[in-house]
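The values are calculated or read from the model by the stated rules, or taken from the named source; none is laboratory data. Everything numeric in this text was worked out from a predicted model, so none of it was measured. Side chains are part of the model used for accessible areas, which takes the heavy atoms of the whole protein and leaves out ligands, DNA and RNA. Shrake-Rupley method; radii C 1.70, N 1.55, O 1.52, S 1.80 Å.
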Amino acid sequence: MKLKITEAASNKLNEKISGKQGYIKLKYDIDGCGCAVNGVAALWFESEKNVEEHQLETGGIPIYIEKAKEVFFDEEMTLDYKDSNGCFQLKSPNEYLNPRMSFYDKRGL
């Protein structure tokens, strides 16, 4: 999988993680959804990386994903940030996977 990170998204990610230890992860969040097909893409910042996660090809900031969750994403995607909405956007050439994607600091600090 390839994930292109725009300059706006890169700047915002760097701002959010500046001086902090952890891993940015692209998650397919199914909490409260009831079933896996109703999940939502989100960015999580966690303290540890699990063995079932691997690094996406981003050409920049390392972002990890669970191998089992790749099926819910497209092979090529773009991560952008829109100041006007105050949120990240995940899109592919075919669709918006999440036009209002959140970033959650899950490090438990």
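Quick notes
- For the residue pairs Lys20/Lys106; Lys27/Lys49; Lys12/Lys67; Lys82/Lys106, alpha carbon separations beyond 18 Å are given by Lys12/Lys67; Lys82/Lys106.
- The chain, accessible area per residue, ligands and nucleic acids excluded (1.4 Å, Å²): 59
- The apolar share of the surface of the chain, taken as the fraction of accessible area on carbon and sulfur atoms (1.4 Å probe, ligands and nucleic acids excluded), comes to 44 percent.
- Shape call, the chain: gyration tensor on alpha carbons, a/c limit 1.5: rounded
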